[in-house]
Every structure is written in C-alpha cells, then in structure tokens.
Amino acid sequence: MSDVAKRNAAEAALKLVEPDMVLGLGTGSTAAIFVRLLAEKVSQGLKIIGTPTSEATDKLARSLGIKIVSPDELTRIDLTIDGADEFDPDLNLIKGGGAALLREKIIAEASDRMVVITDPTKQVDALGQFPLPIEINAFGSELTRHRIHNRLADVGLGDAPSSWRMATGESLLHTDGGHLILDLACGRIADPKALAALLDDLPGVVEHGLFIGYADQVIVGETSGARIVNPRRG
Ligand code: 5RP
C-alpha cells in the first residue's frame, strides 16, 4: 500500500493533538510519518511532550526537534498514536511487526486514549493472517517455545508453525529490551482473548502482540482522505 494512505491516516490523527498533550509515539512506517508531521507542527510552535515506544522512534523524534521524555518521568499519557499489523471489527490488534510490541503495549496501557493509524490492508474480519509476534525471554527460549506449542491445541491452534525472527544475516533478532521474537503463524484466530490469556500465563513469554481492548479508534487512510473505524457495539 502506498505511503499516501499512511500519510492520510497520520494527517487525520494529527488533528487529535492538542497543545500541552503528553503523546505516546508509536513505531513503524505509519507511526514514523505521524512523527514527521508532528515535528512540523512543533517547529511551528505547537508545545507537546512525546514518549517513545522504541529506540528507533526515540531517535527519529529527537532528531526532528520533538521534546522527548522517558516514561519513567510520567504518570499518565493523554494520547498514543501507533500503527498496527491487523485490526478486527472489535478493534483488537496484532502488533509487533516492528518488534516493538512490549514497549508499545506499556505505553498504550498507560494512555487515556490509543488511536491506531493504518492503511486499508490492515483491516480484517478475524485476526491471524499476519503471524503473531511473541516476545520471549532468551533464557530457556526453546523450552518456552515448546510450552507454547503444548498449550496451543487448547485454543484450536495445535498445528500453527512458529519461527524465530531473524535480524540481518543468520543472527536472531533481539528487541530493544534484549528479548527474542517468535512469530506464530496462527491462521484465523477464533478467540483472540483466549489465546492472549494462554500466552499471558506462560512465564517465558515477556509479552505478545495481541492488543485486546487497547484501541479506542482506528483511522484508516485511503488514497484520498481517511475514515474512522470505531469498535463494533455489543
Ligand atoms: C511495530 C508495530 C507497527 O506499528 C506495525 O508493525 C505496523 O507497522 P507499519 O506502519 O510499518 O505497517 O507494531 O512493532
């Protein structure tokens, strides 16, 4: 999908930003477009504070002149704008395509509001076409993988293949927090909440990319303009 759609989503999200807000700044190509647009507003006099969801976003935002503070200096965040790899009609998300899911979830959870910006390719009837990223502690990582697969049959995903995410070359990717990413090719996830609960229950799983009930709204950029998706009622 072209950057035009991503930019239209980011532009629509920018309209939600008010002076003196504390903003969570997401990670990925769509979030980076938002950060660039935000920086233009800051250079024109808008006063906001940003807190980043990754080292990459931290670096980008600082380089563009956005005031960045560590989350440790905050007790709450007004609004987080972030991308997603998939969203369903309830606005449950898969995130972590950029390996930043742990920090993204910490910041989203502490935010009064989370607005997701995407292009139309991320909208799905059911999550799971995008492999689910699971952040795993390096200690006993193969054992943890084994434990995950032992439990997957309970949620109808007994056959789901998994693979360790690689960095460049043959080395494993390490997240900003030094953990590994296991990508789980689920296929259709019938019950995202049950899968999230299963993963939350395993000690070696640091975090997973299922964001259940985090997003308040999704802004879908189109080739012309953007549309708002609210969670389905009931
Ligand atoms: C990073 C993420 C990203 O928000 C997600 O991968 C979407 O990225 P993009 O906007 O580049 O499609 O979750 O961990």
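No value in this document is a laboratory result; all are computed from the given coordinates. What you see is a predicted model, and the numbers here were worked out from it, not measured in a lab. Because the Cβ atoms are built from the backbone with ideal geometry, glycine has one as well, and the counts that use them run over all protein chains shown.
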Pairs on different chains or at least eight residues apart, Cα atoms closer than 15 Å: how many lysine pairs in the chain fit?
10
If you put +1 on each Lys and Arg Cβ and -1 on each Asp and Glu Cβ, how big is the dipole of the chain around its Cα centre, in Debye rounded to 20?
420
Where the Cα atoms of the chain are projected onto their three principal axes, how long is each span, largest first, in whole Å?
54, 37, 35
What is the local net charge at ASN150, summed over the other residues whose Cβ is closer than 14 Å to its Cβ (Lys, Arg +1; Asp, Glu -1)?
-1
The chain: most fluctuating residue of VAL124, VAL220, VAL116 per GNM, C-alpha cutoff 10 Å:
VAL124
Which value in nm describes the separation of the simple spin-label points at SER171 and ARG188, placed 7 Å from the Cα toward the beta carbon?
4.2
Once phi is turned into ³J(HN,Hα) by the Karplus curve 6.51 cos²θ - 1.76 cosθ + 1.60 with θ = phi - 60°, what whole-Hz value does each residue of the range 83-97 show in order, with x for glycine and proline?
x, 7, 8, 8, 9, 10, x, 8, 6, 6, 10, 10, 10, x, x
Packing rank of 71-82, 5-16, where each peptide gets the mean count of other beta carbons within 10 Å, highest leading:
5-16, 71-82
Relative to the longest principal axis of the C-alpha atoms of the chain, give the angle of the C-alpha long axis of helix 141-152, reported between 0 and 90° and rounded to the nearest 10°.
80
Integer Hz, Karplus 6.51/-1.76/1.60 couplings in order for the range 177-189, x for Gly and Pro
x, x, 9, 9, 10, 9, 9, 9, 7, 6, x, 4, 8
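Tally Lys/Arg at +1 and Asp/Glu at -1 over every other residue whose Cβ is under 14 Å from the Cβ of ARG232; what's the total?
Spelling it out: positives minus negatives among the neighbours equals -3.
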If I histogram all Cα-Cα distances within the range 132-204 using bins 5 Å wide from 0, what percent of pairs lands in each bin?
3, 16, 28, 26, 15, 9, 3, 0
Candidates ALA110, ALA215, ALA194; GNM for the chain (alpha-carbon contacts under 10 Å) flags as most fluctuating ALA194
Would you work out which of ALA196, GLY178, LEU143 lies farthest towards the positive end of the dipole of the range 132-204? Charges go on Cβ: Lys and Arg +1, Asp and Glu -1.
ALA196
Diffing the range 53-59: the Karplus 3J(HN,Hα) column from phi (6.51, -1.76, 1.60, θ = phi - 60°), in whole Hz with x for Gly and Pro, holds 9, 6, 4, 4, 5, 3, 5
Mind putting a number on the dipole of the range 29-85 about its Cα centre? Charges go on the C-beta only, +1 for Lys and Arg and -1 for Asp and Glu, and I need it in Debye to the nearest 20.
300
Considering only PHE87, GLY213, LEU64, whose Cα is most displaced toward the positive end of the charge dipole of the chain, charges sitting on Cβ of Lys, Arg (+1) and Asp, Glu (-1)?
LEU64
What residues qualify as long-range amide H neighbours of PHE130, i.e. H under 5 Å apart, gap of 5 or more or another chain, H built at 1.01 Å from N?
none
The rounded separation in angstrom of the Cα centers of the range 159-179 and the range 34-95 is 25
Spin-label model distance (nm) - ALA153 vs THR121, 7 Å beyond Cα toward Cβ:
3.7
